[in-house]
């Protein structure tokens, strides 16, 4: 063996080993662990990357950044909190699909009035990468789901709390319908005598007659109204009913769309109000169905064709006069309804799977549907009653409850975040010269 070649190989091996050790040491310095979070860690490179992003945002806003040590502490605490929540999300099985991520990025682009190509170009021009931004958005979506899931279940709204809110001025305002109205004012100056006031009233009644005869309300407003909206055809636009003067509310409540009120007297004079549109408030009628069904599922013994034949036979037996409920008790494989003769009670929209609702909405009363397939198996269905039920109170209370929950959410979120931090093992490695802090 050539001694020179052997020495060269040994030298090369030594240099490579030295370079490898040096590289590892350099990586360790760049990605030094700055905090241990339960069984996870926060790296210094993550802190520096987040700091750079925040400094860039502060610079763009034109504001003065806080001292570096304060900002550093805030960033580290935020990363620790995020790491705890992301781990909770992973352990709970929360995953964001690529389709969900693409939809979210599409919404971000649209909100900034950008196409997706323009959004991607903006990402690259800002010095980031598409994969890094996708990962950031994915983490944000996971954080949002974790927070919603854990915090909302901690919030309880009592019935008394709901009642108190709905009876408050704010509650009544929230549930007030929106109305789009037009207005004509015929002023009655102070000091007007009875005969003069009567003449103004007669003029208002004449304008009402003209509207009812087909004259355009807006033209009459431009020509006759003393209100500041006259040149806009008297349009007051969309208003909450609760925002209207008291003398208007009673009149508007009685109006149908496109109708005009009788002359209304106030201290300012006589008013004519036209209701163009109304939305919200009032009755919220929902069509309900009282249905019953028989469910049969294909299995190892009974194939799909045999299942369909059995359902068609049962359908024929009902048509021939046999009792649907007795057949459901004997043959239906839906344990939740079979004992009740297949009855499912009164439905509300969205209560059943789409195939079931589509059939339920399309068949006539007492008709037995043809067999149809859902994720549960094959069904035949009968609707025995239909009704329009007013759900306005339910809808109103649900809206109020959601509002109160959102108001409590931010406060409860901060409490929860502090709790999960207190319960976790956190070790912050400040520097080599200081003792690490644990909690």
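The table below gives the values:
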quantity	calculated
For 381, 339, 72, order by how many other beta-carbon atoms lie within 10 Å, fewest first	339, 72, 381
Label-point separation, residue 277 to residue 223 (7 Å along Cα→Cβ), nm	2.8
Ranking of 55, 270 by count of other Cβ atoms within 10 Å, fewest first	55, 270
Two-site label geometry, residue 392 and residue 303: point separation in nm, points 7 Å out along Cα→Cβ	5.7
Ellipsoid equivalent to segment 176-279 - semi-axes via the Cα gyration tensor, in Å	22, 15, 12
Between helix 130-152 and the chain: long-axis angle, C-alpha atoms, 0 to 90°, nearest 10	60
Euclidean distance of C-alpha centroids, segment 88-131 and segment 50-66, integer Å	22
Set of segment 118-137 residues, backbone N closer than 12 Å to the point 7 Å along the Cα-Cβ line of residue 144	137
Label selected from [x] 64, 49, 39; [y] 126, 80, 46; [z] 97, 51, 40, the criterion being Cα extents along the principal axes in Å as computed here	[y]
Where labels lie 7 Å past Cα in the beta-carbon direction, separation of residue 290 and residue 91 in nm	5.0
Cβ-based exposure ranking for 173, 165, 324, 290, in which fewest neighbours within 10 Å come first	173, 290, 165, 324
Per-selection Kirkwood Rh - segment 23-115 (Cα, Å, 1 d.p.)	16.0
Gain on full stretching of the segment that runs from residue 58 to residue 45 - 0.36 nm per residue minus C-alpha separation	2.7 nm
Counting all C-alpha pairs of segment 306-397, share separated by more than 15 Å (%)	64
For the chain, calculated [θ]222 nm from helices alone, where every DSSP H run of n ≥ 4 adds -39500 (n - 2.57)	-17500 deg cm²/dmol
Gain on full stretching of the segment that runs from residue 238 to residue 266 - 0.36 nm per residue minus C-alpha separation	7.9 nm
Linear extension gain, residue 167 paired with residue 259, 0.36 nm per residue minus alpha-carbon span	30.1 nm
Cβ-Cβ FRET estimate between residue 312 and residue 385, R0 fixed at 25 Å, reported to 0.05	0.50
Computed over segment 282-329, the ratio Rg/Rh where both radii use C-alpha atoms and Rh is Kirkwood	1.21
At R0 = 60 Å, FRET efficiency that the Cβ-Cβ distance of residue 414 and residue 370 yields, to 0.05	0.60
Rounded tilt (10° steps) of 3-30 against the dominant C-alpha axis of the chain	40
Angle in degrees between helix 44-61 and the longest Cα principal axis of the chain, rounded to the nearest 10	40
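No value in this document is a laboratory result; all are computed from the given coordinates. This is a predicted model, so every value here is computed, not measured. Positions of Cβ are backbone-derived with ideal geometry, glycine not excepted, and every protein chain shown enters the neighbour counts.
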